[in-house]
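Here's the structure we're looking at; comments come further down.
No lab work stands behind these numbers, since they all come straight from the coordinates. Since the model is a prediction, treat every value here as computed from it, not as a measurement. Ideal geometry is used to build each Cβ from the backbone, glycine not excepted, and the neighbour counts take in all protein chains shown.
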Amino acid sequence: MVEKLDQIFVLLSHWLVGFLPAGLQQAAGIVIGVVVIVCLYPALFALAVLMERKGLGRMQNRYGPNRVGPYGILQPIADGIKSLTKEDIVPLSADSAVHFLAPIVVVVASFMGFAVLPMGRNMVLVDMDAGLLFYFAMGASTELAVFMAGWSSRNKYSLLGAMRAVAQMISYEVPLLLSSVAVVMITGSLSLTKIVSAQNAYTGIFPHWYIFTPWGFAGFLMYAISTTAETNRSPFDLPEGESEIVAGYHTEYSGFKFALFFLGEYVAMFSISGLGTTLFLGGWSAPFSFLTWIPSWIWFFSKLMLSICVFIWLRGTLPRLRQDQLMNFAWKFVLPLSLINLLVAALWRFLGEGWQRWVFCSAILLIAYVFMGLQEARSDHFGPRSYRYAE
Amino acid sequence: MLGEGILKGLAETARNFVGSYVSKERLTTVEYPEQRIAPIEATRDFPFLVYDGKDWDAGLRCVACQICEKECPPKCIFIEKSKDKKPDAVGKQQFYPARFDIDISVCMSCQICVEVCPFDAIKMNTEFELSTTDRFGGLLLDRQQLAKSNEYYHEIHPTEASGVDARLAAERAAAEAKAKAAAEAAAAKAAAAAASSAAKPAGGEA
């Protein structure tokens, strides 16, 4: 029974596919998977938007949306209808083809990542050997879409936003990759299913998740920082910076195209949280050995939504960074620390089992963190900015 | 240490999040259409015309002197003075506004009309739910729409209205006293004249 419930979606898909002739079965299975993913994540998007608006409201001691339906739960539907019925304006001077394509590319590129994410035991659309590589290749193409949007709008705010976005995304792509490389080094595989199954083991009741190792914890922190920047979330939401550049690269988008950008941003958040879950939080494995009877997909999606909650919490807490702070933080703090983390991961691999590697690895990372933190705090780029020619 | 501030901030927002569910004092939002805060006494938005008594048409204090129309900076008041006179609330023959329109889409709520009115006929209202589907006709208020009773004025600006009433009463009393004095003087004069005319023949006799 437990086994059945765990595999319910796989069995359902097999049962549906069984009605078709043998030659079509494989293709039909993939189509079903794609349809499920394409329907499921927009639904989660609606839920996440509601959670975000309610949660942020509560953090600021407001009610949040509470007019549409009981406790405002129908707000996402109202938002959807609103954006569908709004006028879709394309600026006269815009490059209309690129302007039209950009939101589509954002959404498509964001969805592509889900192809390789294992969302439960045996629940992966394409079990690719180089899944992680594929994921990052797809994730990087959202940058192209953002720049397409900013450039084709022919608007100074759009272009500034796009420039910021590209600079930021490329800068944070490096520590993002490097922090994931540590996982690949330990697991010895780029396949995401292998990475999950490597973590799906228990010592006593505790799981072998990578976040519970020194290098994994540091790697997870670096990964979390980089993902926040990658998805343009607060405090790294400079590309959108409402107070400075209107809305950044989607200033010139209205109606449903704007909604697509919004959707793309959230879908990217889901997929990158899903990847973080897979890499560091044990993917679909249960947090305690006695909880393994709960279906694997429940664990995956709870971890995913928990990450989204953390994103929202961070957004409610932190003010926006300045561009120079953002860049300094990426290149002078996150990048060196993830390089050190690579070294530590290698040490962890070769020090063998035993308490020594725990002590050594933790000590190296802690010293590096404290030392670099002090260095950062001392350097002048965290203080108020001084202007050489103004004043 | 680096990151300490972030943790403190996260704790603060978490405290706010939980606190907003626990304590009602944190949620200061007034959910407007259902809940309302009473406006403060000095609230003002657009002018209205005060009338005394029950009948708005008969009781309008306005005598169509047109000072407010001339003083209005954005020129949102339009007055047409009557040709005839009719008795006002105290029974005195006065001109009256045959038309009195205020375009509240033009009005800037400066209250200058109120300050210049020598008859305390125009005052500021507090009614703010004035949205309408017709942005031209719907926002051009005529005489009848502008007329509000003195009781209403007392309701929205109690202190100010009592002051106005006291002043008006004093003015009326003074006017009455003056009229009475004048009448007495006239009567005395008449009496004196009568007396002297009565005395003349007597004097002639003397």
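A simple charge model with +1 on the Cβ of Lys and Arg, -1 on the Cβ of Asp and Glu and nothing else charged puts the dipole of the stretch A:1-105 at about 520 debye relative to its Cα centre. Of the trypsin sites (Lys or Arg not before Pro) found in the stretch B:2-37, those in coil by DSSP whose Cβ has at most 13 other Cβ atoms within 10 Å are B:R36.
Among the chymotrypsin sites (Phe, Trp or Tyr not before Pro) found in the stretch B:132-193, those both in a DSSP coil and sparsely packed, with 12 or fewer other Cβ atoms within 10 Å of their Cβ, are B:F136. Here the Gaussian network model covers chain A, with springs between Cα atoms less than 10 Å apart; of A:L192, A:L260, A:L351, A:L351 fluctuates the most. For the stretch A:137-235, what does the convex hull of the Cα positions come to per residue, in cubic angstrom? So the per-residue Cα hull volume is 102 Å³. Choose one answer from B:A147, B:A58, B:A182: the residue with the largest mean-square fluctuation in a GNM of chain B with alpha-carbon springs under 10 Å. Highest fluctuation among the options: B:A182. Computed from the alpha carbon atoms alone, the convex hull of the stretch A:1-64 holds 107 Å³ per residue. Candidate membrane-span-like segments in chain A, meaning DSSP H helices with Cα atoms spread over at least 27 Å of their own axis and a Kyte-Doolittle mean of -0.5 or above, are A:25-59, A:131-152, A:156-187, A:255-280, A:296-317, A:355-378, with no membrane implied. The loop-placed trypsin sites (Lys or Arg not before Pro) in the stretch A:150-209, going by DSSP, that have at most 15 neighbouring Cβ atoms within 10 Å of their Cβ come out as A:R154. Note on chain B: GNM, Cα springs under 10 Å; of B:S131, B:S162, B:S82, the largest mean-square fluctuation is that of B:S131.
Fewest-first ordering of A:Y389, B:Y21, A:Y249, A:Y157 by other beta carbons within 10 Å of each residue's beta carbon gives A:Y389, B:Y21, A:Y157, A:Y249. Short to long, the 20 Å bins of the Cα pair-distance histogram for chain A hold 25, 56, 18, 1 percent of all pairs. Ordered by the number of other Cβ atoms lying within 10 Å of each residue's own Cβ, fewest first, A:S386, A:S189, A:S338 fall into the sequence A:S386, A:S189, A:S338.
In units of the compact-protein estimate 2.2 N^0.38 Å, the stretch B:47-163 shows a Cα radius of gyration of 1.02.
Think of each Lys and Arg Cβ as +1 and each Asp and Glu Cβ as -1; about the Cα centre, that makes the dipole of the protein assembly as shown roughly 520 debye.
Globularity index of the stretch A:245-391 is 1.42 (Cα radius of gyration / 2.2 N^0.38 Å, N = number of residues). Take the Cα of B:R172, step 7 Å toward its Cβ, do the same at A:E3, and the gap between the two points is 9.9 nm. Between the listed residues A:W293, A:A97, A:T142, the Cα displaced farthest toward the positive end of the dipole of the stretch A:2-376, a dipole computed from Cβ unit charges relative to the Cα centre, is found at A:W293. Listed by chain and number, the lysines whose alpha-carbon sits under 19 Å from that of B:K24, ignoring those within fewer than 8 places in the same chain, are A:K54.
Ignoring solvent entirely, what values of log10 I(q)/I(0) come out of the Debye formula for chain B at 0.18 Å⁻¹ when each Cα is a single scatterer? Log10 of I(q)/I(0), two decimals: -1.28.
Given a Förster distance of 25 Å, report the FRET efficiency between B:S149 and B:A183 from their Cβ-Cβ distance, rounded to the nearest 0.05.
According to the calculation, E is roughly 0.15.
Counting neighbouring beta carbons within 10 Å and listing from fewest to most, the residues A:M59, A:M138, A:M305 come out as A:M305, A:M138, A:M59. Any of B:K148/B:K180; A:K156/A:K332; B:K92/B:K123; B:K54/B:K178; A:K4/A:K194 with alpha carbons more than 24 Å apart? Name them for me. Over 24 Å apart, Cα to Cα: B:K148/B:K180; A:K156/A:K332; B:K54/B:K178. Note on A:E244 and A:D324: the extension gain reaches 27.3 nm, defined as 0.36 nm multiplied by sequence separation minus the Cα-Cα distance.
A Förster radius of 56 Å, combined with the Cβ-Cβ distance separating B:K24 from A:L24, puts the computed FRET efficiency at roughly 0.40. For B:V90 and B:F128, a Förster radius of 22 Å and the Cβ-Cβ distance give a FRET efficiency of 0.10, rounded to the nearest 0.05. Label separation (B:A191 vs A:S289): 12.3 nm, computed from points 7 Å beyond Cα along the C-beta direction. The local environment of A:A229, defined by Cβ-Cβ distances under 10 Å, has a net charge of -2 under the rule Lys, Arg +1 and Asp, Glu -1. Placing unit charges on the Cβ atoms of the charged side chains and taking the dipole of the protein assembly as shown about its Cα centre, the candidate lying farthest along the positive direction among B:H157, A:G248, A:A345 is A:A345. Mean projection of the Cα convex hull over all viewing directions, computed for the stretch A:66-170: 10.0 nm².
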